[in-house]
Amino acid sequence: MRAWSTDDIPDLTGTTAVVTGANSGIGAATTLALARAGALTVLACRSPERGERAMKRVRAAVPGAEVRLVPLDLADLASVRTAADTLARTVDGQLDLLVNNAGVMALPLRLTADGFESQFGIDHLGHFALTGLLLPVLGASAPSRVVTVSSLAHRMGRIDFGDLQGERGYRKWPAYGQAKLANLLFTDELERRARHSGRDIRALAAHPGLSATELGQAGPLMAGRTWAARLERLTRLFTQTASAGALPVLRAATDPAARGGEYYGPRRPLEVRGAPGLARRSARARDARTAGALWEESARLTGVTPDFG
């Protein structure tokens, strides 16, 4: 059977998509593919300058593409609220696709503006709040999808409700695993609650395998380890391109046959590269009780209680 590719993306004319972290890596590749398929695509980016450059690249590659830019800093809940308000106006009452892509990986201990450990705060809590605040326009008048980008690293993750912020002993990789596990638990709980409420929203997740992006640069540079940053760049010789890494995200976002709750990733052995298909998740990622408890704790921490109406 022929491998799924961007040629399989249906015509998205008349639909609106929001991609967080859309100025580089998986987010940029996802944005470009959605724009090529005809979607009005909104780039939600922390840096307005990098976002503007990304918009220019999309417009150069896809003449006539409808692209917009909305500032969004997932490390600051005030920014998330402002961005959600702006996005609701930008999409004119109906958002067809939200891609929760932005994230950080293996950083030294840093806190968000609201005092959360940065990986958990940005990768999970920021997207939890954004999704919750956008619920009034998701599935409002047509079916919608929410696709959240997780990672192979979710398999080493554990949700430690007694120390979600790493205050008793921070280790960057376990913290990253916890955040990426939270992405999958959030997806399952969002799907369950949307289905129970009767809202026409499908929640899916995806991971890019091992892909050549800038994600691995921030941690070493923050720690002052330029040698580690150079080494990380060398490892990209053995990874797939960002465009290939975006394929599981795009399949989850656009494949008409994709179902709510599904998780996509590369299909080759170990899921590190290859064409997109259904991916494996850890037993902890399938724990419905933990998913429900994490949802409630996330609502408490962010002050955002998603209302399905």
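The values are calculated or read from the model by the stated rules, or taken from the named source; none is laboratory data. Values in this document were obtained by computation on a predicted structure and should not be read as measured data. Note: ideal-geometry Cβ built from the backbone for every residue, glycine included; neighbour counts use all protein chains shown. Protein only, heavy atoms only, side chains kept; ligands, DNA and RNA dropped before computing areas. Shrake-Rupley method; radii C 1.70, N 1.55, O 1.52, S 1.80 Å.
When you scan segment 148-167, do you find a residue that is more than 28 Å from residue 266 (Cα to Cα), of a type outside the set (S, T, N, Q) and surrounded by 22 or more Cβ atoms within 10 Å (Cβ to Cβ), even just one?
Going through segment 148-167, the residues more than 28 Å from residue 266 (Cα to Cα) turn out to be 160-167.
So of that shortlist, the ones also of a type outside the set (S, T, N, Q) come out as 160-164, 166-167.
Narrowing the set further to residues that are surrounded by 22 or more Cβ atoms within 10 Å (Cβ to Cβ) leaves 164.
So far as segment 148-167 goes, yes, one or more of its residues are more than 28 Å from residue 266 (Cα to Cα), of a type outside the set (S, T, N, Q) and surrounded by 22 or more Cβ atoms within 10 Å (Cβ to Cβ).
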Here's a check for you: in segment 69-98, which residue that is polar (S, T, N, Q) and more than 24 Å from residue 252 (Cα to Cα) is most open to solvent (accessible area, probe 1.4 Å)? 82
Quick one: which of 281, 267 is open to solvent by 20 Å² or more (accessible area, probe 1.4 Å), at pLDDT 95 or above, among the basic types (Lys, Arg) and over 26 Å from residue 79 (Cβ atoms)? 281
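Do any helices (runs of 4 or more DSSP H) entirely within segment 172-261 hold 3 or more residues that are at pLDDT 55 or above and under 18 Å from the mean Cα position of the chain (by Cα), and if so, which? Lay out the reasoning, then the answer.
Working: elements: 172-197, 218-222, 226-235, 242-245, 247-254.
Hits in segment 172-261: 172-197, 242-245, 247-254.
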Tell me, please, whether a residue that is closer than 26 Å to residue 209 by Cα, open to solvent by less than 20 Å² (accessible area, probe 1.4 Å), among the polar types (S, T, N, Q) and in contact with an Asp or Glu (Cβ under 9 Å, 6 or more places away or on another chain) can be found in segment 29-45. yes
